[in-house]
Amino acid sequence: MSTAKPFIVSLIAAGALAIGYYTFWTMGRDFDETAEAVASGILMVLLNLAVTGLCSWIAASREHQPQIRRSWLLIGVAALSNAIAECLWLYYTLAGLDPFPSLADVFYLAFYPLMLAGVLSLPYKPMQRERRMLIGLDMTIILAVCILFLWYFIVAPRQMEGPDGLAGVVALAYPIADLFILTGIISIIQRDLEDVGRLALIFLGASMLFTTAADVLFAYLETQGEDYIMPSANILWMVSFWSILVAGSWQKMYPTPIKAVAEFINPLLRTALLYVAPALGMGLAFASAVSLLDVNTR
């Protein structure tokens, strides 16, 4: 581990510097679109391959129990699927073909169930039936509110008909898939973890937050038929992959002993939902009422 830690830290730093340089380069908007597509595609492929390699390293390590190793192997396969998708997207772009929707989306969408399987298979202490039901209710509330927002702001404004219907459906599949993975991560964070570092899970959750933000932005502009600037979404996706890299690095550098006893994690989300969910529902109802008043007064 003495030689591995400097290498891992250097890998994280290199990824952060590359993302920072890309962000600075695209902020001025004075760049060639083809060059940007090549640069962003190569950088995201490298980030995903770095995640795949690190996860494979964890999977092959005997410092962790088999369940941990299998979980990170699934996450690594998810990153590999995303790397293949990025290669296909770059190929279609350089060939002058429309990359969306295409075969690349098959590998993009494969990332989500693989990531979900990896995250949900991470170990946790057994829970009482009552607590499992409470966590299930928490996840249901989150999904219900988020799906309502997606429907109101993305699906409802435009019908999925005509030649763009397939593109709209595929675009909406991304943020919906994000919601399931995000709720899965939140459900694990609320539990009493045994063998997974809490910071690793925090970075996994942050990764999906960035991915969700990018996917929702992509889906909204795609379904509205508006042009969007890819660098804005690319930066969010890059930071998401980098966050997975940090999570895996933490798991590798600081392996939790197999027989460790985790501290109690206060289910803060459950308490917050008692206030957040009604507030979000009232906010959505208010926005709907304002829209109806605006339409009736015209």
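Condition check ((1) among the β-branched types (Val, Ile, Thr); (2) modelled with pLDDT of 85 or more; (3) surrounded by fewer than 16 Cβ atoms within 10 Å (Cβ to Cβ)) across all residues:
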{"position": "78", "(1), (2), (3)": "no, yes, no"}
{"position": "82", "(1), (2), (3)": "no, yes, no"}
{"position": "90", "(1), (2), (3)": "no, yes, no"}
{"position": "99", "(1), (2), (3)": "no, no, no"}
{"position": "112", "(1), (2), (3)": "no, yes, no"}
{"position": "118", "(1), (2), (3)": "no, yes, no"}
{"position": "128", "(1), (2), (3)": "no, no, yes"}
{"position": "134", "(1), (2), (3)": "no, no, yes"}
{"position": "139", "(1), (2), (3)": "no, no, no"}
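Table: residues versus (1) assigned to a helix (DSSP H, G or I); (2) β-branched (Val, Ile, Thr); (3) modelled with pLDDT of 75 or more; (4) open to solvent by less than 10 Å² (accessible area, probe 1.4 Å).
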site	(1), (2), (3), (4)
160	no, no, no, no
184	yes, no, no, yes
208	yes, no, yes, yes
217	yes, no, yes, no
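Can you confirm whether the stretch 25-43 contains a residue that is closer than 15 Å to residue 232 by Cβ, of a type in the set (D, E, K, R) and open to solvent by 40 Å² or more (accessible area, probe 1.4 Å)? Yes, the stretch 25-43 contains at least one residue that is closer than 15 Å to residue 232 by Cβ, of a type in the set (D, E, K, R) and open to solvent by 40 Å² or more (accessible area, probe 1.4 Å).
Any residue at all in the stretch 13-21 that's assigned to a helix (DSSP H, G or I), buried (at least 21 other Cβ atoms within 10 Å of the Cβ) and touching a residue at least 40 places away in the same chain (Cβ under 8 Å)?
Of the stretch 13-21, the ones assigned to a helix (DSSP H, G or I) are 13-21.
Those still in the list that are buried (at least 21 other Cβ atoms within 10 Å of the Cβ) too: 15.
Pick out the ones that are also touching a residue at least 40 places away in the same chain (Cβ under 8 Å) and you get 15.
Checked the stretch 13-21: at least one residue is assigned to a helix (DSSP H, G or I), buried (at least 21 other Cβ atoms within 10 Å of the Cβ) and touching a residue at least 40 places away in the same chain (Cβ under 8 Å).
Kindly check whether there is at least one residue in the stretch 51-74 that is of a type in the set (A, V, I, L, M, F, W, C), touching a residue at least 12 places away in the same chain (Cβ under 8 Å), assigned to a loop (DSSP other than H, G, I, E, B) and open to solvent by 20 Å² or more (accessible area, probe 1.4 Å). So far as the stretch 51-74 goes, no, none of its residues is of a type in the set (A, V, I, L, M, F, W, C), touching a residue at least 12 places away in the same chain (Cβ under 8 Å), assigned to a loop (DSSP other than H, G, I, E, B) and open to solvent by 20 Å² or more (accessible area, probe 1.4 Å).
For the subset of the stretch 1-12 comprising residues that are open to solvent by less than 40 Å² (accessible area, probe 1.4 Å) and under 14 Å from residue 243 (Cα atoms), which member is farthest from the chain's Cα centre (by Cα)? Checking each candidate, the answer is 8. Any chance the stretch 33-51 includes a residue that's within 29 Å of residue 253 (Cα to Cα) and touching a His at 6+ places or on another chain (Cβ under 7 Å)? No, that holds for no residue.
Please work out if residue 89 is part of a helix (DSSP H, G or I), within 15 Å of residue 248 (Cβ to Cβ) and not β-branched (Val, Ile, Thr). Reasoning before the result, please.
Working: part of a helix (DSSP H, G or I): yes; within 15 Å of residue 248 (Cβ to Cβ): no; not β-branched (Val, Ile, Thr): yes.
So residue 89 does not fit the description; no.
The values are calculated or read from the model by the stated rules, or taken from the named source; none is laboratory data. Since this is a predicted model, take the numbers as computed values, not measurements. Cβ coordinates were reconstructed from backbone atoms using ideal geometry, including for glycine residues, and neighbour counts include every protein chain displayed. Just so you know, the surface numbers come from the protein's heavy atoms only, side chains and all, with ligands and any DNA or RNA stripped out. Shrake-Rupley method; radii C 1.70, N 1.55, O 1.52, S 1.80 Å.
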